[in-house]
Amino acid sequence: MTKDDLKNCGLCGGSVARIESDLPVTIGRRRVSVRGTFATCNQCGESFLAPGEMDAVLRSASDQIRDEEGLLGPHAIKAIRESLGLSQVAFERLLGVGPKTVVRWERGTVFQNGATDTLLRVVQFVPEAASFLKALRLEPATGAPARDVQTAARESTFARYTYRAFMPAAYAGMSESPATTAPASTHTFRMPREARTVKGEKVA
Ligand SMILES: [Zn+2]
């Protein structure tokens, strides 16, 4: 027994003791059971968590759901963040998730949804995507307004990659210094006529 344990059930007044049981936990639309030794009422069967036990229960429930759904785990997410050289706060801004979300992912008490898991894998394996999101969400420094998508694309390696791969003629015309290229309002991704060839053949 710890000092946090109840002696009597707050629901029915029955006596409470620590017994091994399965605690049902609901996270979002998922419901799993966490096996553990919990303060449980011997009359109505209700289990009570002491304040310090909540994190461990959430971690265990999140582990089960992550395993079942094939989602990245806390260590993998931390490794991706560190490979990008970002703080937890900067990583939240990059991904567009709420405050403290990355802390909770890395602590294991919360897991990401499927779409965010896909985004994490994209920034892990596609450097151009990470560069694009850094330009869009993290630069210029804090306090300045967010950039529009076209400016971010132009100033990231994403733009250079795209131009090189698909629009060689347009890329040849781009300034080596992105800061001196035309403003976003006059810039489009329209493919110039002379670039519309694939392996020597005209494309429409
Ligand atoms: Zn009870």
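Quick note: the coordinates plus some simple rules give every number you see, no bench work behind them. Since we're looking at a predicted model, the values are computed, not measured. Neighbour counts run over all protein chains shown; Cβ positions are idealised from the backbone, glycine included.
Could you check the simple spin-label distance between residue 100 and residue 46, using points 7 Å along Cα→Cβ, in nm with one decimal?
Using points 7 Å along Cα→Cβ, the separation is 2.6 nm.
Multiplying the sequence separation of residue 63 and residue 115 by 0.36 nm and subtracting their Cα-Cα distance, what value in nm do you get?
16.9 nm
Could you derive backbone 3J(HN,Hα) for the range 12-27 from the dihedral phi with the Karplus parameters 6.51, -1.76 and 1.60 (θ = phi - 60°), listing whole Hz in sequence and x where the residue is Gly or Pro?
Per-residue couplings from phi come out as 10, x, x, 7, 10, 9, 7, 9, 6, 7, 9, 9, x, 10, 10, 10 Hz.
Any chance you could run the full-extension gain for residue 122 through residue 56? It's 0.36 nm times the residue separation minus the Cα-Cα distance, nm to one decimal.
20.8 nm
Using the beta-carbon distance between residue 149 and residue 83 and R0 = 35 Å, what value does 1/(1 + (r/R0)^6) give for FRET efficiency, to the nearest 0.05?
0.90
Please give the charge dipole size of the range 70-125, origin at the Cα centre, charges +1 on K and R Cβ atoms and -1 on D and E Cβ atoms. Round to the nearest 20 debye.
For this selection, approximately 100 debye.
Quick one: check the C-alpha center-to-center distance for the range 1-58 versus the range 84-111, whole angstrom.
Cα centroid of the range 1-58 versus Cα centroid of the range 84-111: 29 Å apart.
Most exposed first by the Cβ proxy, i.e. fewest other Cβ within 10 Å, how do 107, 66 rank?
107, 66
In vacuo Debye scattering of the range 70-125, one point per C-alpha: log10 I(q)/I(0) at q = 0.15, 0.19, 0.27, 0.28 Å⁻¹?
Rounded to two decimals, the profile gives -0.33, -0.55, -1.26, -1.38.
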